[in-house]
Structures are given as C-alpha cells and as structure tokens.
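What follows is a set of notes on a single structure, which appears directly below.
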Amino acid sequence: MKIQYILEILGTAFFAISGALMAIEKSKSDWFGVTFIGFITAIGGGSLRDILLGSYPLVWIGNVDFMYAIFVGIVLTKVFFKTLISIRNKLFIFDTLGIAMFTIIGTEKAISLGVDPVISAIMGMFSAVMGGVLRDVLINEVPIIFRKEIYATACLSGAILYLILEHFSIDRTFNFLISVALIFTVRTIAVKYNLSLPRFDNKE
Amino acid sequence: MKIQYILEILGTAFFAISGALMAIEKSKSDWFGVTFIGFITAIGGGSLRDILLGSYPLVWIGNVDFMYAIFVGIVLTKVFFKTLISIRNKLFIFDTLGIAMFTIIGTEKAISLGVDPVISAIMGMFSAVMGGVLRDVLINEVPIIFRKEIYATACLSGAILYLILEHFSIDRTFNFLISVALIFTVRTIAVKYNLSLPRFDNKE
Amino acid sequence: MKIQYILEILGTAFFAISGALMAIEKSKSDWFGVTFIGFITAIGGGSLRDILLGSYPLVWIGNVDFMYAIFVGIVLTKVFFKTLISIRNKLFIFDTLGIAMFTIIGTEKAISLGVDPVISAIMGMFSAVMGGVLRDVLINEVPIIFRKEIYATACLSGAILYLILEHFSIDRTFNFLISVALIFTVRTIAVKYNLSLPRFDNKE
C-alpha cells in the first residue's frame, strides 16, 4: 500500500500544521511550545490507540519518517504562516480528509489485532480525534470536539460503515474509499449547514 | 467470582453516569462530549493502572460487556436526567461503593502481578480515582480529589488494610468485604462531618 | 553504576519537592493533592518515556526505592517548607542538574532499546520535562515549558551532543558528564540573561 503510506505521512504533516496554527492562536507559546503542540497533535491519536491496544512499537517510534514529516510541517507553518492563516477555512478539506483516513486506518488496525468491532470503531475514532483532544488539554481549553459541529461522530459513522462492509467481505480498497467518503461527506455537510449534536440536557 | 463480575459491570455503568452528570453540569458539551466524558470516567482509572503495569489487554478492550454497560449508563442518564439530578446526593452511596470496590480489585490485580505492596496500594487507589482526575482535566478543572473531603486517602486506607490482612493470610472474600467496608466508612464519615485533609501549608 | 543510581534517587526526590512546591503555590490542594502532584512530577517523565517505548516494568514500579524517595521528598517539603520557599531561587541548580541527568539517562535508555537517534533525543527530553508538563496540566495551567526561558531545548541540545559523541565511540562516562554539563550551561545562561526562544509568530 504505497499510496496509503504516502497519505499517512502527508496526513501527519498536516495534523502538525493544524496543531501548530491552533497553538499560535490560543496560547502564548514560543517556538518550542508551538512545535511541541504540533507534534502532540500529529502523533497523539495514533499513540493513544497503540498504547491502549498494547501494540508496540508505536508507529512514529518504529519509523522516523513520521518525525521528519512533522518537522517539515512545522517549518512550512513558519515559512507560510500568513498564507496559512489567510486560507485557514480552505484547510478544512485537508483536516477532514486526514481524520477520515486516520479513522479507517485505526479501525483496521484494531480489527487486525482481534479486537471486538464495537471497540475497533472507538479505536478508529480515537486515532483521528485524540491528538486534538490532547492539544486542547495542553493549551488549557475544553476539547473542541465536545461542542463543535459533528466531528467525532462523523468518524464513528465511517468506522461503523467500514466494519459493516468488512463483515460482508467487501473489497478492502473499495471499502476504505467509501468509508473515508462517508466521513468526509458527513463532516462537510455538518460544517456547511452548521449542524451540531444537540446538548445532552436539551437546554439552549 | 460471578457476583464480583456483576458488581464490576454495575460499577462501570455507575461511573459513566456520574461522569456524564458532571460533564453536563460543568461544561457546554453536546451529546458526544457528555458520552465521551462518561466513558473516560468509567474506564480511565482501570486503563491507567493496566497501562502502568503493562497488563494487556485492558479490561474493557478484552471484554466488550464493559462498553455496553457504559452505553446503558449514558442512556439511563438521558432518560432519567431530571430524577438523577434531584437524587444526586443519594447517589453518593453508589459512588462510594464503586470507588471502594475498584480500589480493592485494583490492589489485588497489582499484587497478583508481583508488584510491591506499597505500589499495589497506589495502583488500587489509581483504579478508583484516576477516571475522575481525567474527567476533571477534560472539563478544564483542577481535579476535585485534590481538595475534596477525604476521598483518595479513604481508598488508600482500604488498600493498606487489604494488604495487611492478606499478609496474614486472611480469607480473600472476608478481606475484600472488610476492606471495602473500611473505605465506605471512612468516606461516609468524612462527608457527613465535612472532614478534609488539612492544607499542606497550613494556611486557611 | 552505583553513583548514577544514587543520583537518580536524589533527582526523583528533588523533582517531588519541586512539584509539591509548585502545587502549594498554584492550587488550593490539600495534603493529598500536593503529594499526588509531587509524585506525578517525579515519575511522570520517565513513565511516559517507558510507556511510549513499551519498556516494562516502569522504573518506579520495578523498584520501590523511588517511591520512598518521593515520600521523603514530600516530608522534607512539609518540614522545611518555609526554608525551601525562601531559598527557592537557589534550588534552581538542583532542578537544572536533575533535568540534565534525566535527559541523558532517558536518551541512553531509548538508544539501548534500538530506537532511532532522532527519537531517542526526544525521549530523553520527554524524561526530563514531561513530569512538569503533567504537573501543569493537573493544576490547570498551560505548561510552563511552552513559554519559559530555554528549558526543553537545553535538554535537546545535550541529548544531541550525547548522541554525536556516542556515534564517535567516546567513553560513556565522559560523554555523560559533558552532555549533562552542556544542558546545565545552556540552561544557566538562559536564566541568567533571561533568554527565551522567540515567539513563533514574531509578535510581541
């Protein structure tokens, strides 16, 4: 899966960029702090998944390419800082592709380790969103996924679709693409129409 | 130990309920956020213990029943929300039974893995309280156990009693019950008489 | 390595003291909370490193001496509280020696487990600074290393020097001492001249 590997590397770099941009905006971090938060955003979700599953070595520890991708992402953030801020809304498409892809990769990994499908879907979602949760905890904010437009639930929907199609032995590549597409579509519609999940207690 | 298994499942569901109630009260979380925080509250302590001990698979990953218990807890929270809020003080008894039981189960697990008793007592206490610590970090509060009436120290007292009695080869079931009872008693007295540990620096 | 072992124990006790002092100053924690935060500060960095590397048992779980060192540190903090606060600036030297030593020990450990040098340097830095990051998250502050005078970057500089000298097969004890000295020097100069890394976005 050469293409998938390239996409994972690109996705990791992109997550580092988006984490760094958030760190710059929300905290008074220096160079190191911004890099650190970009790094945690990029590797946090996959690391947590692998630690919970006891799957060693962690992806970025076994393969230093992910670390280089993060460094490149941080340098690009520095060099193209103004441009990135100005096109921020357009970066949405990359973020959405990133979470979609990492969700399905994480779900697949859990399933391949023999984990129950219900828990595999959660592991897929964790892979995609927990880097952002750790980022928000570090910059001392309530995690944005707890109140933002449908985000983690879009990931869950794709993970569930993947598991259903996998149960019916659908071709893996086709399944991967269609599940990623579902996450992308749900998330895009949610943002376009500003759809959020209702508050739990039904208050405004 | 069929009864213990049922109690563990019930305890997990209860922790999810109490975490969800806290999330509703203290944050502006949507459905997903509340569920997520309930989930972390329920599995956080045991997961951290198992990760620190390197004991895989984590309990809730090896057995999907715990996940179903959490889902049921969240649905019950939704359906009986008003009732639960109104009887909140009476839920105290379940919370206290929960932390008592999880403390001793965690202590036992660490001991059975050959861990030093001093560290096993800490692992037992972690099992009971770290879910709540993670919950508080996620909703951006200083963990309540750092300043609340005697809570984690009640857990530690029970864990230490358990280890002492175990050292003298007291029957396991009897030991379990009496250690749980100690935690329950210490915590109940602390809440009834509003007892807190003194501040470290003796200021008011 | 008897001397190194004694230094590690002393360093752990010192980290517990500095974590407890910070907890007293920045939070309204009781006895338990202060002890807990001191404990996390002392074991957090090494634990995270070992969990990321999958290296079990964690140092403080395999050897209860570290726990005793932490307890002694907390008791000393209680007994000599006023003295410690008054000489706080002078404690700086111990903190700096501590992070320097733990950086190199962590780097060595990662290398000995066959980890890529780039990642080993990060693991060394994590060993030294992540206890403090966890401490800051628990007391609900943005981690101080994100904005303080050169701190984690001093650790990284020493780790990189160690790896370069190790590459050229320099004697291990000499390498250890010179790399620790570099971290100590960089950090001391940074504090003396109040040097910080620039902000990422070049704003004031």
**Report entry** In segment A:145-204, the residues that are farther than 20 Å from A:PHE94 by Cβ and of a type in the set (Lys, Arg)
**Finding:** A:ARG147, A:ARG172, A:ARG199, A:LYS203
Report summary line: Given the conditions (1) free of Cβ contacts under 8 Å to residues at least 12 places away in the same chain; (2) over 16 Å from the mean Cα position of the chain (by Cα), every one holds for A:GLU141 apart from (1)
Requested in this report: For segment B:1-43, name all the residues that are part of a helix (DSSP H, G or I) and of a type in the set (D, E, K, R).
Outcome: B:LYS2, B:GLU8, B:GLU25, B:LYS26
**Report entry** Count of residues meeting criterion [in a loop (DSSP other than H, G, I, E, B) and out of contact with any Phe, Trp or Tyr (no Cβ under 9 Å at 6 or more places or on another chain)] in segment C:130-144
**Finding:** 3
Query raised in the report: Do the conditions hold for A:GLY38, that is, is it under 26 Å from A:ILE122 (Cα atoms), among the small types (Gly, Ala, Ser) and modelled with pLDDT of 95 or more?
Result: yes
Requested in this report: Would you mind listing the helices (runs of 4 or more DSSP H) fully within segment B:50-96 where at least 2 residues are among the polar types (S, T, N, Q)?
Outcome: B:81-86
Query raised in the report: What tally of residues in segment C:58-79 results from selecting those that are within 10 Å of another protein chain (Cβ to nearest Cβ), closer than 30 Å to A:LEU53 by Cβ, in contact (Cβ under 8 Å) with a residue 12 or more places away in the chain and aliphatic (A, V, I, L, M)?
Result: 1
Report task. Could you tell me whether any residue of segment C:102-111 is surrounded by fewer than 21 Cβ atoms within 10 Å (Cβ to Cβ), modelled with pLDDT of 95 or more and over 12 Å from the mean Cα position of the chain (by Cα)? Result -> yes
Report summary line: Of the residues in segment C:62-86, those that are surrounded by 16 or more Cβ atoms within 10 Å (Cβ to Cβ) and under 27 Å from C:ARG172 (Cα atoms) come to C:ASN63, C:PHE66, C:ALA69
Requested in this report: Could you list all residues from segment A:138-148 that are under 21 Å from B:ALA20 (Cα atoms), facing another protein chain (nearest Cβ under 8 Å) and among the hydrophobic types (A, V, I, L, M, F, W, C)?
Outcome: A:VAL142, A:ILE145, A:PHE146
Report summary line: Conditions (1) at pLDDT 90 or above; (2) within 25 Å of A:THR185 (Cα to Cα); (3) of a type in the set (Phe, Trp, Tyr) -> A:PHE92 fails only (1)
Query raised in the report: Among the listed residues C:LYS26, C:LYS2, which satisfies the condition of being in contact (Cβ under 8 Å) with a residue 24 or more places away in the chain and over 17 Å from the mean Cα position of the chain (by Cα)?
Result: C:LYS26
Query raised in the report: Do we find that B:ALA159 is more than 10 Å from every other protein chain (Cβ to nearest Cβ), of a type outside the set (Asp, Glu), in contact with a helix residue (DSSP H, G or I) (Cβ under 6 Å, 6 or more places away or on another chain) and crowded, with 23+ Cβ neighbours inside 10 Å in this structure?
Result: yes
Query raised in the report: Of the residues C:ILE87, C:ILE61, C:ILE70, which is over 12 Å from the mean Cα position of the chain (by Cα), modelled with pLDDT under 90 and among the aliphatic types (A, V, I, L, M)?
Result: C:ILE87
Requested in this report: Could you look through segment C:26-37, keep only residues that are surrounded by 24 or more Cβ atoms within 10 Å (Cβ to Cβ) and under 18 Å from B:LEU48 (Cβ atoms), and pick out the one that is nearest to the other protein chains (Cβ to nearest Cβ)?
Outcome: C:GLY33
**Report entry** Test: A:ILE9 is of a type in the set (A, V, I, L, M), without any contact (Cβ under 8 Å) to a residue 12 or more places away in the chain and either surrounded by fewer than 23 Cβ atoms within 10 Å (Cβ to Cβ) or more than 9 Å from chain C (Cβ to nearest Cβ) (or both)
**Finding:** no
Query raised in the report: Residue check: is B:LYS78 out of contact with any strand residue (DSSP E or B) (no Cβ under 9 Å at 6 or more places or on another chain) and over 20 Å from B:ALA181 (Cα atoms)?
Result: yes
Query raised in the report: Can you name the condition, by its number, that A:SER55 falls short on among (1) modelled with pLDDT of 95 or more; (2) at the interface with chain C (Cβ under 10 Å from one of its Cβ atoms); (3) farther than 23 Å from C:ILE51 by Cα?
Result: (3)
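Residues checked against (1) of a type in the set (A, V, I, L, M, F, W, C); (2) within 21 Å of A:ILE139 (Cα to Cα); (3) surrounded by fewer than 20 Cβ atoms within 10 Å (Cβ to Cβ); (4) within 14 Å of chain A (Cβ to nearest Cβ):
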site: C:ARG88; (1), (2), (3), (4): no, no, yes, no
site: C:LEU91; (1), (2), (3), (4): yes, no, yes, no
site: C:LEU113; (1), (2), (3), (4): yes, no, yes, yes
site: C:ALA121; (1), (2), (3), (4): yes, no, no, yes
site: C:ASP136; (1), (2), (3), (4): no, yes, no, yes
site: C:ILE150; (1), (2), (3), (4): yes, yes, no, yes
**Report entry** Residues of segment C:162-204 that turn out to be farther than 18 Å from C:ALA128 by Cα and within 14 Å of chain A (Cβ to nearest Cβ), as a count
**Finding:** 11
Query raised in the report: Here are some conditions: (1) closer than 22 Å to C:ILE144 by Cα; (2) surrounded by 23 or more Cβ atoms within 10 Å (Cβ to Cβ); (3) facing chain B (nearest Cβ under 10 Å). C:ALA42 meets all but one. Which one does it not meet?
Result: (3)
Query raised in the report: In segment C:145-204, how many are assigned to a loop (DSSP other than H, G, I, E, B) and of a type in the set (A, V, I, L, M, F, W, C)?
Result: 6
**Report entry** Meets criteria (among the β-branched types (Val, Ile, Thr) and in contact with an Asp or Glu (Cβ under 6 Å, 6 or more places away or on another chain)) for A:ILE37
**Finding:** no
Requested in this report: Select from segment B:109-124 the residues that are in a helix (DSSP H, G or I) and of a type in the set (D, E, K, R) and list them in ascending order.
Outcome: B:LYS109
Report summary line: Flagged in segment A:68-126 as under 26 Å from A:LYS148 (Cα atoms) and of a type in the set (Gly, Ala, Ser), in numbering order, are A:GLY73, A:SER86, A:GLY98, A:ALA100, A:GLY106, A:SER120, A:ALA121, A:GLY124
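The values are calculated or read from the model by the stated rules, or taken from the named source; none is laboratory data. Note that the structure is a prediction, hence the values are computed from the model and not measured. Backbone-built Cβ (ideal geometry, glycine too); neighbour counts: all protein chains shown.
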